[in-house]
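Have a look at the structure below before the remarks.
The values are calculated or read from the model by the stated rules, or taken from the named source; none is laboratory data. Because the structure is predicted, anything quoted here is derived from the model rather than measured. Cβ atoms come from the backbone with ideal geometry, glycine included; neighbour counts cover every protein chain shown. To get the accessible areas, we keep the full protein, side chains included, count just its heavy atoms, and leave off ligands, DNA and RNA. Shrake-Rupley method; radii C 1.70, N 1.55, O 1.52, S 1.80 Å.
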Amino acid sequence: PERGIYKTTDGGKSWNHVLKVDDATGASDVILDPDNPDTVYAALYARRRATWGFSGNSEKGGIFRSDDGGNNWKKLTAGLPPVTGRIGLAVVPTSTDHILAVVESNYGGSGRNGFENYSPSGGLFKSTDRGESWERLTDILFRPFYFTRVAVDPEDENRVYLPGWDLAISDDGGRTFRKSGSERVHVDFHAIVVNPLDTNQILVGNDGGIYITHDRAKTWDYLNHM
């Protein structure tokens, strides 16, 4: 029953349960609009794992938006699949009405082809109207229940990063992707931060630890002093 989104207004001393769907539906991501923190986006994820199986797609989850700091929420559905799993979100810093979402969905089936997973209904989606409507940019996914993260360059909306087995990079706003091609970097990327003051500098967290690049993902240094 404790699954969902919580909000604090006293620095974490106390919390209010502001978004709940049901006991099986938690949250996989929550982000604020950097220009207006009263605008909050949340990705809800109905997930159950047991010794005999795993379920992670449901009509109960999806993308929600609050315009009053989390007190009231609206589910955003136009252009998104009706059944969703894990979702990762990013606000485009240069145009905060623009939102990117990596959406897992088994609606209509799913497939796998080597490095990428392909889904008839899931993939990378973009909204240019604060989530009111969505366009699917690509059907490429990377083991979505395991990764499902997206980042965008704070100065260049066309530069999009999808962490996965490798780090996938797009220079056309997320419609096509290429592997970073970096050597001697561990696989399975789970976290990424692009420095807003120097977008050539990116930090990633993967199964091997933390790496940093100073040349926009061409080469990487391993932070081996932890």
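So which of 130, 178 ends up being surrounded by fewer than 15 Cβ atoms within 10 Å (Cβ to Cβ) and among the charged types (D, E, K, R)? It is 178.
When 87, 99 are screened for being out of contact with any helix residue (DSSP H, G or I) (no Cβ under 6 Å at 6 or more places or on another chain), β-branched (Val, Ile, Thr) and in contact (Cβ under 8 Å) with a residue 60 or more places away in the chain, only 87 passes. Among residues of the range 26-41 that are touching a residue at least 60 places away in the same chain (Cβ under 8 Å) and of a type in the set (Gly, Ala, Ser), those with a beta-carbon under 8 Å from a residue that is open to solvent by less than 10 Å² (accessible area, probe 1.4 Å) and assigned to a strand (DSSP E or B) at least six positions away or on a different chain give the pairs 28/43; 28/44; 28/87; 28/88. Do we have any residue at all in the range 160-174 that's charged (D, E, K, R), open to solvent by 60 Å² or more (accessible area, probe 1.4 Å) and either within 25 Å of residue 84 (Cα to Cα) or in contact with a Pro (Cβ under 6 Å, 6 or more places away or on another chain) (or both)? No, the range 160-174 contains no residue that is charged (D, E, K, R), open to solvent by 60 Å² or more (accessible area, probe 1.4 Å) and either within 25 Å of residue 84 (Cα to Cα) or in contact with a Pro (Cβ under 6 Å, 6 or more places away or on another chain) (or both).
Contact map, the range 1-18: first residue among the charged types (D, E, K, R), second residue open to solvent by less than 70 Å² (accessible area, probe 1.4 Å) and at pLDDT 95 or above, Cβ cut-off under 7 Å, separation 6 or more or different chains; pairs are 3/25; 3/26; 7/18; 7/70. For the range 69-146, the strands (runs of 3 or more DSSP E) that sit wholly inside it and include 1 or more residues that are within 27 Å of residue 15 (Cα to Cα) and either at pLDDT 95 or above or hydrophobic (A, V, I, L, M, F, W, C) (or both) are 74-76, 87-91, 99-103.
Scanning the range 25-34 turns up at least one residue that is at pLDDT 95 or above, charged (D, E, K, R) and within 22 Å of residue 1 (Cβ to Cβ). Annotation note: Cβ proximity below 7 Å between a residue of the range 211-226 that is open to solvent by 100 Å² or more (accessible area, probe 1.4 Å) and a residue that is modelled with pLDDT of 95 or more and assigned to a loop (DSSP other than H, G, I, E, B) (sequence gap 6+ or interchain) occurs for 214/200; 214/201. Total residues in the range 39-68 satisfying the condition of being assigned to a strand (DSSP E or B), of a type in the set (D, E, K, R) and open to solvent by less than 80 Å² (accessible area, probe 1.4 Å): the figure is 1. Screening residue 142 on (1) among the aromatic types (Phe, Trp, Tyr); (2) touching a residue at least 40 places away in the same chain (Cβ under 8 Å); (3) under 23 Å from residue 207 (Cα atoms) shows it passes everything except condition (2).
When the residues of the range 1-38 are narrowed to those that are of a type in the set (Asp, Glu) and closer than 22 Å to residue 101 by Cβ, which ends up most open to solvent (accessible area, probe 1.4 Å)?
First, pick out the residues of the range 1-38 that are of a type in the set (Asp, Glu): 2, 10, 22-23, 29, 33, 35, 38.
Subset that is closer than 22 Å to residue 101 by Cβ: 22, 29, 33, 35, 38.
Details: 22: 37, 29: 31, 33: 10, 35: 116, 38: 80 Å².
Checking each candidate, the answer is 35.
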